[in-house]
1. What's the number of the condition residue 70 fails, among (1) over 21 Å from residue 150 (Cβ atoms); (2) open to solvent by 60 Å² or more (accessible area, probe 1.4 Å); (3) over 15 Å from the mean Cα position of the chain (by Cα)?
2. Looking at segment 131-152, I want the residues that are within 18 Å of residue 98 (Cβ to Cβ) and among the basic types (Lys, Arg) and have a partner that is outside any helix (DSSP H, G or I) and open to solvent by 40 Å² or more (accessible area, probe 1.4 Å) with Cβ atoms under 7 Å, at least 6 apart or on another chain. Which pairs are those?
3. If residue 121 satisfies all but one of (1) open to solvent by less than 40 Å² (accessible area, probe 1.4 Å); (2) assigned to a helix (DSSP H, G or I); (3) without any contact (Cβ under 8 Å) to a residue 60 or more places away in the chain; (4) not small (Gly, Ala, Ser), what's the number of the condition it fails?
4. If you scan segment 38-51, which residues turn out to be in a loop (DSSP other than H, G, I, E, B) and over 14 Å from residue 10 (Cβ atoms)?
5. Restrict the check to segment 25-37 and report whether at least one residue is open to solvent by less than 50 Å² (accessible area, probe 1.4 Å), assigned to a helix (DSSP H, G or I), closer than 30 Å to residue 127 by Cβ and modelled with pLDDT of 95 or more.
Amino acid sequence: MEQLTELEIAFFQLHMGFGPADRCVDWAVERLRLDEEGDDLEVVLLASARGRDEVLPLAEAIIERYRGVQRLSDQFLAGKFIVELRAAYLAGRESVSSLDAILTRLYPALRYPDWLVMLSRNCEYATDVPEFEQPFEDEFRYIASLWAQAESLAAFEGEYSRATSDRHDVGCA
């Protein structure tokens with residue numbers, strides 16, 4: 001199934017409370033428009049679903065059927081979400097405060113991954129302490145650039161350096 005990763009990212013964001021149900025619906029509509037899904041009943045139902053309660057179980061059923069145990073990890077999906085958040089931040093659609101609210105929920109939901117420590121911390125501090133704005137910017141750029149290139153969690157982890165993240169602190173150069 002083409003573009004399943006796009007559905008997984010949209011599902012993850014909806015499930016976590018960060019994204020709209022319409023993104024999953026739009027995915028299904030596009031699959032039908034391109035006639036890529038044949039007679040897949042769940043895709044047809046998802047294309048006409050309304051609201052979170054209808055969309056979540058249908059999207060999950062589609063992902064489970066086509067990915068099974070090969071489902072993308074929550075950390076990978078969160079990383080791709082970070083890339084989207086960075087683009088929204090640069091475009092002015094997200095702020096340090098709005099990102100702090102997202103990261104405050106995301107960090108514990110992912111069970112405190114090492115790669116998110118400095119980004120979450122710097123974002124939180126930057127909401128009140130101007131000196132943390134640049135370290136936040138540096139870490140956000142670093143993490144988003146790694147996730148933008150990563151094709152898997154393992155690929156990200158192979159490139160990620162905690163020492164680089166640690167340099168994105170107040171007083172570090």
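1. Against the list (1) over 21 Å from residue 150 (Cβ atoms); (2) open to solvent by 60 Å² or more (accessible area, probe 1.4 Å); (3) over 15 Å from the mean Cα position of the chain (by Cα), residue 70 comes up short only on (1).
2. Final answer for the pair search is none.
3. (1)
4. In the first step, residues of segment 38-51 are kept if they are in a loop (DSSP other than H, G, I, E, B); the result is 38-40, 48-51.
Correct list: 38, 39, 40, 48, 50, 51.
5. Quick first cut of segment 25-37, residues open to solvent by less than 50 Å² (accessible area, probe 1.4 Å) only: 25, 27-28, 31, 37.
Next cut, assigned to a helix (DSSP H, G or I) only: 25, 27-28, 31.
Among the residues that remain, those that are also closer than 30 Å to residue 127 by Cβ are: none.
Checking segment 25-37: not a single residue is open to solvent by less than 50 Å² (accessible area, probe 1.4 Å), assigned to a helix (DSSP H, G or I), closer than 30 Å to residue 127 by Cβ and modelled with pLDDT of 95 or more.
The values are calculated or read from the model by the stated rules, or taken from the named source; none is laboratory data. A quick note: this is a predicted structure, and the numbers were derived from the prediction, not measured. Virtual Cβ from ideal backbone geometry, glycine too; neighbours counted across all protein chains shown. Surface areas here come from the heavy atoms of the whole protein model, side chains and all, with no ligands, DNA or RNA. Shrake-Rupley method; radii C 1.70, N 1.55, O 1.52, S 1.80 Å.
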